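Data first, discussion second: the structure below is written as structure tokens.
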């Protein structure tokens, strides 16, 4: 079995090298592939046309065994809101920001490796000059990139942030809107899920919020998810702040969302 896995990894590495060379000859702007720390992790930069061309050039075999898609705004969102799903499913995880942040890249790659997921990391801005970027200058480019990825195959599941951005994060809200629009274009809203409703720590005991806090992870499941959070050493304060929500991954199907 070990020899079989080794041969598979060698073949995957060879095909990825061919992909990289092809991207270079075709004028693509693929940033790099981080072979040493993780497999199946791609980082994209460049202008819209080049980025989309490179996304479309992803080897078909790379997605064959992966039937689910998750789109998040930042590295760590996939773990906080869907870590248990990653551990049990076969996900391609698209991270919109931080492709140019070495620390966040490394942390994201470690989670992808641990969960046997494919990571597609884009390099759209998170913060600019210390302030949260409003994506005004790149919103259309992000939409086109996500449209391209969603259209890659008939995903069994597409998961993303909810419309409220969980706790109100503007990037989460925009990612939700962008992914929803892409799912509509691809006629895949029947497969679209949103991360569960956020409840503040101080409001966990209120009766009205109990409907959002059902089906907590079991002891073993939560322990495995907590192990994923440890890969995000740079985000330990975020993990502490949102730690009360880690046991809950009550995703909401698109057709069940109240839009009144």
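The values are calculated or read from the model by the stated rules, or taken from the named source; none is laboratory data. Keep in mind it's a predicted model, so treat the numbers as computed, not measured. Note that we place each Cβ from the backbone using ideal geometry, even for glycine, and neighbour counts take in every protein chain shown.
Would you call residue 178 farther than 20 Å from residue 96 by Cβ, in contact with a strand residue (DSSP E or B) (Cβ under 9 Å, 6 or more places away or on another chain) and at pLDDT 95 or above?
Values: farther than 20 Å from residue 96 by Cβ: no; in contact with a strand residue (DSSP E or B) (Cβ under 9 Å, 6 or more places away or on another chain): yes; at pLDDT 95 or above: yes.
Taking the combined requirement at face value, the residue does not satisfy it.
Sort out which residues of region 60-84 are in contact with a strand residue (DSSP E or B) (Cβ under 7 Å, 6 or more places away or on another chain) and modelled with pLDDT under 80, and write them in order of number.
Hit for region 60-84 is 62, nothing else.
Need pairs with beta-carbon distance below 6 Å; first residue on the phi > 0 side of the Ramachandran plot and within region 95-111, second in a helix (DSSP H, G or I) and surrounded by 18 or more Cβ atoms within 10 Å (Cβ to Cβ); sequence gap 6+ or separate chains.
Listed by first residue and then by second, the contacts come to 98/104.
Of all the residues that make up region 246-256, how many are under 15 Å from residue 194 (Cα atoms) and either surrounded by 13 or more Cβ atoms within 10 Å (Cβ to Cβ) or under 21 Å from the mean Cα position of the chain (by Cα) (or both)?
Here the count works out to 7.
For region 110-125, check the following and say yes or no: at least one residue is more than 26 Å from residue 90 (Cβ to Cβ) and in contact with a strand residue (DSSP E or B) (Cβ under 8 Å, 6 or more places away or on another chain).
The answer is yes, given that some residue of region 110-125 is more than 26 Å from residue 90 (Cβ to Cβ) and in contact with a strand residue (DSSP E or B) (Cβ under 8 Å, 6 or more places away or on another chain).
Is it the case that residue 57 is modelled with pLDDT of 90 or more, touching a helix residue (DSSP H, G or I) at 6+ places or on another chain (Cβ under 7 Å) and more than 28 Å from residue 199 (Cα to Cα)?
no
Filter region 80-94 down to residues that are farther than 18 Å from residue 198 by Cβ and touching a residue at least 12 places away in the same chain (Cβ under 8 Å) and give me whichever is surrounded by the most Cβ atoms within 10 Å (Cβ to Cβ). Full working, then the answer.
Of all residues in region 80-94, those farther than 18 Å from residue 198 by Cβ come to 86-94.
If we keep only those that are touching a residue at least 12 places away in the same chain (Cβ under 8 Å) too, we end up with 86-87, 89-94.
Values: 86: 24, 87: 18, 89: 18, 90: 17, 91: 25, 92: 24, 93: 27, 94: 25.
Per the criteria, the residue is 93.
Does region 134-149 include one or more residues that are closer than 24 Å to residue 243 by Cβ and touching a residue at least 12 places away in the same chain (Cβ under 8 Å)?
Scanning region 134-149, I find no residue that is closer than 24 Å to residue 243 by Cβ and touching a residue at least 12 places away in the same chain (Cβ under 8 Å), so the answer is no.
Just to be sure before I move on: is residue 171 more than 22 Å from residue 56 (Cα to Cα) and within 16 Å of the chain's Cα centre (by Cα) in the structure I sent? Before the answer, list the steps.
Working: more than 22 Å from residue 56 (Cα to Cα): yes; within 16 Å of the chain's Cα centre (by Cα): yes.
Answer is yes for this residue.
Whether any residue in region 70-79 is surrounded by fewer than 23 Cβ atoms within 10 Å (Cβ to Cβ), out of contact with any helix residue (DSSP H, G or I) (no Cβ under 6 Å at 6 or more places or on another chain) and on the phi < 0 side of the Ramachandran plot is what I want to check.
Checked region 70-79: at least one residue is surrounded by fewer than 23 Cβ atoms within 10 Å (Cβ to Cβ), out of contact with any helix residue (DSSP H, G or I) (no Cβ under 6 Å at 6 or more places or on another chain) and on the phi < 0 side of the Ramachandran plot.
Quickly run through region 109-128 and pick out the residues that are closer than 22 Å to residue 226 by Cβ and touching a helix residue (DSSP H, G or I) at 6+ places or on another chain (Cβ under 8 Å).
First, the residues of region 109-128 that are closer than 22 Å to residue 226 by Cβ: 109-117, 119.
Listed by number, the residues that qualify are 111, 114, 115, 117, 119.
Tell me which of these residue 86 doesn't satisfy, since it passes every other one: (1) under 13 Å from the mean Cα position of the chain (by Cα); (2) more than 23 Å from residue 235 (Cβ to Cβ).
Here residue 86 clears every test but (2).
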